[in-house]
Amino acid sequence: MPSPKRPRRERTEKWQDIQQWTLWPEQELYEQIRPLVLFHETAGERAKEIDVPQRTLSRKAQAFERYGMQCLFASREQARARETSKTLPEEIRQLIVDLHAELATMSWREIAEVCYIRYGRRPDHKSVKHIATATPPRSRKDRRYQPWHLISDPAERKLAAIRLHAEGWSIASIAEYLATSRHTIYDTLQHWTEEGARGLDAKPKTNKGVRKATLKVRNEIRKLQKNPLLGEYRVHTALLRMGIEVSPATCGRIMAANRQLYGLEKPKRQPRAKLEMPFRASRRHEFWSADIRYIEEHLLPDPKPVYVITIFENFSRSVLSSAISATQNQWDYLVRRVGTG
C-alpha cells in the first residue's frame, strides 16, 4: 500500500519556521551552518539571523568541513541529557518553559532547583536548557506579580517576594523580576524570618542613630552665636574645647535656624586690603621668574622623570630660556639664566 503523500511546504529562509520543522537536533545544527558551508556566508551574519553565538557557528562549520556529517551527531553526554528531558513529566517541562518565559535571565541550575522544590525532581541543567529553548507553547500569559512599585499594598508586595523565594527563586532573580533592589528583598526575607507575619506590616522610617544636636548643644551654639564674628568652623572649634563633638555642617544648620528664630545677625566678612604682587615688574628685565614642569612619561633611554626648566621675564611674560634637565639643582637654574644673557 503506497504511503500517504506528505504536504509540500514552501521554501523559506525564516529561522523560526525552519526550527519548528526540524525533527532531530542534527537537522537543526545542519540548518544553522548550511549557509556557511554551502554559500560561504560569514558566521557573524548568520549569528545575527538565528541568535546563536558567532564562535559556536564558526567552530561547528570548521568541524563540518573537516569531519563531514559525523560531527553533526551529538556526544553521549548530550544524548543522555536529551533522553532525560524527554522522560520528564509534562508538568515539569511546562514549568521550565514558564519560568524561562517569566524571567529569561534565570539560570538553568536555578530553574532545576525550582523544579526540585515543587515536584521533588531535579533535572540536569542541560536538559533544562534543551527544554526551555525548544519553545513549546506556554500556559501562563501574564505576570504573576506586578513590579514592586506598582503593588500599592506593602504586605502584598512583601508576600510576592516571600512566595517566590519559597518556590526556590534566588534573591537576585526576585529583585530583577520585581524591579527592585536586592537589599530590599533581603530585608523583606529577614523580617519574615525574625518576626513572621508581623514583618509584613508597614513600619515608619525613623533615624535610629544617636542625635548629637541635643537641646544643650543648641543652647551652647546660641550663646556662642551672639558674637557675629563667629562662623560655623569657629563655633565647631569652640564646642570641641567644651568636650562637645558636632560637625561644622551641623553647627551651620543650627546657626541658620537660630538666626531665623532669634533674629541674630549673620557673620560678616572683614574687609581686607588687597596685597600687591611683590615681584611685579615696572620695567623690562627688572624681575625674572623660573617655572618647572615634571615629565614622567617620555621616550628617553633613562626611564626616570625629567624636568623642563623655563625662565620668564616678568614685565612682558615672555620666555627667555627653556630646556630639559635630568636634575633641578641650583646649577641647572644658573645655566639657564646665563644662557639668556
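Please indicate, with yes or no, whether at least one residue in the stretch 3-16 is touching a Ser or Thr at 6+ places or on another chain (Cβ under 9 Å) and within 19 Å of A134 (Cα to Cα). Scanning the stretch 3-16 turns up at least one residue that is touching a Ser or Thr at 6+ places or on another chain (Cβ under 9 Å) and within 19 Å of A134 (Cα to Cα).
If the condition is being on the phi > 0 side of the Ramachandran plot and surrounded by 10 or more Cβ atoms within 10 Å (Cβ to Cβ), then the stretch 268-320 contributes only H285.
Before we move on, is A249 modelled with pLDDT of 85 or more, open to solvent by less than 80 Å² (accessible area, probe 1.4 Å) and in contact with a helix residue (DSSP H, G or I) (Cβ under 9 Å, 6 or more places away or on another chain)? Yes. In the stretch 157-183, the residues that are without any contact (Cβ under 8 Å) to a residue 12 or more places away in the chain reach residues that are open to solvent by 40 Å² or more (accessible area, probe 1.4 Å) and of a type in the set (V, I, T) with C-beta atoms within less than 6 angstrom, at least six apart or across chains, in these pairs: R182/I171. Only residues that are small (G, A, S) and closer than 17 Å to K266 by Cα were counted in the stretch 218-249, giving 2.
A search for C-beta distances below 6 Å between a residue of the stretch 108-131 that is farther than 12 Å from G168 by Cα and any residue that is of a type in the set (S, T, Y) and surrounded by 17 or more Cβ atoms within 10 Å (Cβ to Cβ), counting only pairs 6+ apart in sequence or on different chains, returns S127/S85; H130/S85; I131/S85.
The values are calculated or read from the model by the stated rules, or taken from the named source; none is laboratory data. No experiment lies behind these values; they were computed from the predicted model shown. So basically every Cβ, Gly included, is an ideal-geometry build from the backbone, and we count neighbours across all protein chains shown. These area figures cover heavy atoms from the full protein model, side chains too; ligands, DNA and RNA do not enter into them. Shrake-Rupley method; radii C 1.70, N 1.55, O 1.52, S 1.80 Å.
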